[in-house]
Amino acid sequence: MFSLNTVRVAPGVRSALAVACGVALSASCEMAWADEAVAPVVVTANREPQPIQKVMADVTVVTRDDIERQAGTAVADVLKTLPGFEIVRNGDVYGTSGVFLRGAESRHLLVLIDGVRLDTQSGSGGATWEALPLSEIDRIEIVRGPASAIYGSDAVAGVVQIFTRKGQGPLRMTLGMGVGSHGLIQSDVSLSGGHDAWSYSLGGAISRASGFDTRSNTKVGTQAEDNDDYRASSAHAGVGYRLSERQSFHISLLTQHSNAGYDSSVSSKVDDRSVQDLDSVSAAWVAQWLDAWRSTVTVGQANSRYETRPSVYVTRTEVRNASWANQITVGEHTVRATLEGREDRLKNTSVPADRDVQRDGALGLGYDWQGRDVSVQTSIREDHHSAFGEHVTGSVGAAYDLSKQWRIRGSWGTAFRAPTLYQRFSPYGQANLQPEIARTSELGLQYHAGSLQWGVTVFNSRVEDLINYDSPGVCASTWGCYRNVGRATLRGVELSGAATWAGVRWTGAFNLDDPRNAETDTLLARRARQHGSVRAETSWAQWMWGAQAQWSGQRFDDASNLNRLGGYALLGVDAQKDLNQNWKLILRVDNLTDKRYETARTYSTSGRAVFAGVRWTPDL
């Protein structure tokens with residue numbers, strides 16, 4: 001992985017760059033490949049391929065090699081060691097998960113799968129992190145900071161874009177198999193390649209585990225005391241066609257299914273199960289109409305379904321979106337224009353059928369100037385929402401290269417999150433809810449000289465009209481209602497760095513945050529004021545060795561700050577070895593010291609976990 005707007009070239013970077021360029025091997029991407037170590041390309045920062053050195057935002061990219069070497073079995077496991085991220089999980093990997101970036105709510109982080117939005121309209125909303133299949137992912141791009149002026153609703157704290165595997169070049173097959181603690185058995189297979197104007201990718205994965213008791217205080221002799229197992233499967237497919245030297249078309253599909261045990265109470269007498277399904281499809285047409293004009297048309301749909309058994313609860317969200325993004329570059333000047341439409345549907349017995357849909361249409365404009373030492377980026381967007389009408393967001397950022405090694409940057413932006421259909425029309429909802437809004441400013445300093453790089457970012461965000469579950473208002477429930485009554489301040493300092501010393505590559509991140517409820521001056525629930533990680537990698541005796549430490553300070557499980565969650569420190573080690581040109585051995589131990597800790601009160605974590613796997617790439 002890399003941050004600080006720089007890159008460490010690793011095996012597979014060329015294929016990752018192909019994904020970053022969207023779906024076409026455009027002229028600009030081919031030029032980037034000519035010097036991969038100097039000019040890798042990202043697309044999430046402003047929707048179009050952009051050399052990472054020119055990106056104004058704080059960006060991190062995770063490659064497939066990083067995922068296989070370091071991660072567990074979920075996307076949240078990848079993110080938790082990156083700058084600014086914290087995760088909370090109700091039990092095992094398929095338990096309800098939340099991801100906090102710089103102290104913001106989990107629903108304030110926009111998630112995209114190949115350009116398609118992933119969101120839920122039940123409850124408070126947000127992505128279903130536990131439903132994202134790690135085995136089908138080729139690359140992840142993370143943009144920190146408000147991005148509603150580019151993406152609209154949800155991008156309050158940042159954007160996480162997931163790219164599924166793509167194909168190019170000769171036919172390639174990879175088969176992976178692994179076993180681990182808690183009865184884990186997993187396998188995956190992928191085929192990819194290209195011929196003439198065609199490219200293709202196909203793959204699937206299955207996993208199952210006997211698990212562990214996900215509740216820490218279950219009553220002896222009840223069903224809740226048993227281990228909570230899970231089984232899951234996923235698949236992806238993609239095909240691309242190059243219409244001409246300047247146009248290409250690509251379709252991607254992703255599906256995932258999981259069935260996991262959980263405990264609805266500490267004395268449950270039945271085998272409680274949660275069943276989740278995720279389906280995503282996207283189609284993109286990229287055209288370089290002129291040397292200066294590039295456009296991308298994307299249409300797609302993501303469906304997420306959640307069900308509990310035997311206590312029956314079913315909710316399903318469908319998100320459809322379409323966009324037409326244009327970029328015109330003349331010399332140092334770039335103009336961006338985007339049209340986007342979105343439709344959300346919720347199938348839930350608590351929401352009337354005649355109020356199960358809401359829509360949003362938007363126009364976004366942007367102007368970028370790239371001078372010799374100075375860069376400027378501005379964006380403005382107007383969303384017209386079917387519920388609350390017009391909403392305008394904007395952002396402005398600038399960077400100045402003090403020298404070849406030093407860069408200073410600053411930005412300011414506004415963002416919003418629209419209320420969910422459940423918050424508006426369930427028995428606990430109010431139809432006249434307004435969007436949650438935020439104003440964020442940040443200032444950063446970066447240094448880069450050879451293998452040494454470090455950066456510091458200071459951020460300050462004020463979030464208003466937060467939708468909280470509050471005392472009864474104008475709604476049918478006598479228990480309480482969703483209301484725009486909350487305010488929060490998110491302040492902090494974020495440090496990250498990388499260096500090579502004595503043949504060892506060191507990377508690290510540390511956050512000193514102050515996420516507070518502005519009404520009560522209490523810390524926001526389940527967020528620490530200090531958290532960070534350090535990783536070391538080196539090659540020795542034909543092995544690639546890695547070690548990682550992650551720590552988090554104390555937190556509170558509740559908004560009143562009465563129930564304390566203790567801090568923790570975790571150690572992990574991993575190793576890889578190419579047995580020959582076809583076989584690779586992967587070993588990993590997480591939580592080496594078997595630390596017992598909780599990210600959510602009364603929910604257990606797995607303790608020490610060992611994994612051993614192999615990857616086979618046959619000659620075809």
**Message:** Per residue, how large is the accessible surface of the range 159-212? Use a 1.4 angstrom probe and give square angstrom.
**Reply:** 46
**Request:** Can you work out the PRE-style zone for ARG439? Point 7 Å along Cα to Cβ, and I want the residues of the range 485-512 with backbone N under 16 Å.
**Result:** 487-491
**Fill in**
So LEU452 and ASN217, fully extended at 0.36 nm per residue minus their Cα-Cα distance, gain in nm 79.9 nm
**Request:** Determine which residues of the range 438-475 fall in the zone a paramagnetic label at ALA518 would reach in this model, i.e. backbone nitrogen under 16 Å from the point 7 Å along Cα→Cβ.
**Result:** 438-442, 459-468
**Message:** What are the ³J(HN,Hα) couplings of the range 248-255, residue after residue, when phi is run through the Karplus curve with 6.51, -1.76, 1.60 and θ = phi - 60°? Round to Hz, x for glycine and proline.
**Reply:** 8, 9, 8, 10, 10, 10, 9, 9
**Message:** Need the C-alpha centroid separation for the range 299-358 versus the range 55-84, integer Å.
**Reply:** 24
**SER471/VAL179 FRET efficiency (R0 41 Å; Cβ-Cβ; nearest 0.05)** = 0.20
**Anisotropy class of the range 326-367 from Cα gyration tensor, a/c 1.5 cut** = prolate
**Message:** Tell me the relative contact order for the chain as a rounded percent, counting alpha carbon contacts under 8 Å between residues six or more apart.
**Reply:** 11
**Dipole of the range 143-232 [Lys/Arg +1, Asp/Glu -1 at C-beta], most positive-end residue of TYR151, SER192, GLN168** = GLN168
**Request:** Express the carbon and sulfur contribution to the solvent-accessible surface of the chain as a percent, rounded to the nearest whole number, probe 1.4 angstrom.
**Result:** 58
**Complete:** In the neighbourhood of LEU184 defined by beta carbon distances under 14 Å, the net charge of the other residues (Lys, Arg +1; Asp, Glu -1) is -2
**Request:** Report the normalised scattering of the range 251-379 as log10 I(q)/I(0) at q = 0.22 Å⁻¹, calculated by the Debye formula with identical scatterers on the alpha carbons.
**Result:** -1.23
**Complete:** Per-residue accessible area, 1.4 Å probe, largest first, puts LEU562, LEU243 in the order LEU562, LEU243
**Request:** Can you check how the C-alpha radius of gyration of the chain compares to 2.2 N^0.38 Å, as a plain ratio?
**Result:** 0.92
**Prompt:** Local charge sum around GLY211 (other residues, Cβ-Cβ under 11 Å, Lys/Arg +1, Asp/Glu -1)?
**Reply:** -3
**Asked** When the chain is fully extended, how far beyond the present Cα-Cα distance does GLN405 get from VAL614, taking 0.36 nm per residue of separation?
**Response** 71.2 nm
**Request:** Calculate one ³J(HN,Hα) per residue across the range 214-224 by plugging θ = phi - 60° into the Karplus curve 6.51 cos²θ - 1.76 cosθ + 1.60, and present them in order as whole Hz with x for glycine and proline.
**Result:** 7, 10, 8, 10, 5, 7, 4, x, 9, 4, 5
**Request:** Please give the solvent-accessible surface of ILE251 in Å², to the nearest 10, using a probe radius of 1.4 Å with every protein chain present.
**Result:** 60
**Prolate/oblate/rounded label for the range 416-522 (Cα gyration tensor, a/c 1.5)** = prolate
**Item:** Simple spin-label estimate for TYR597 and ASN460 in nanometres, 7 Å along Cα-Cβ
**Value:** 3.1
**Prompt:** Using a Cα distance threshold of under 23 Å, what count of lysine pairs results for the chain when pairs must be 8 or more residues apart or interchain?
**Reply:** 5
**Item:** Label-point separation in nm, ARG246 to ARG491, each point 7 Å along Cα→Cβ
**Value:** 5.2
**Asked** For the range 396-457 and the range 586-615, what is the separation of their Cα centres, given in Å?
**Response** 32
**Asked** Taking the Cα-to-Cβ direction at LEU365 and at GLN530 and moving 7 Å from each Cα, how far apart do the two end points lie in nm?
**Response** 4.8
**Request:** Working with all protein chains in place, sort MET173, MET544, MET56 by solvent-accessible area computed with a 1.4 Å probe, largest first.
**Result:** MET544, MET173, MET56
**Request:** Place the peptides 290-300, 364-374 in order of packing, highest mean first, counting for every residue the other Cβ atoms within 10 Å and averaging per peptide.
**Result:** 290-300, 364-374
**Sum of side-chain charges, ASN348 neighbourhood, beta-carbon under 13 Å (Lys, Arg +1; Asp, Glu -1)** = +2
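The values are calculated or read from the model by the stated rules, or taken from the named source; none is laboratory data. Predicted model, so just to flag it, every value in this text is computed and none were measured. Note that each Cβ is placed from the backbone with ideal geometry, even for glycine, and that neighbours are counted across all protein chains shown. Heavy atoms of the whole protein, side chains included, go into the accessibility calculation; ligands, DNA and RNA do not. Shrake-Rupley method; radii C 1.70, N 1.55, O 1.52, S 1.80 Å.
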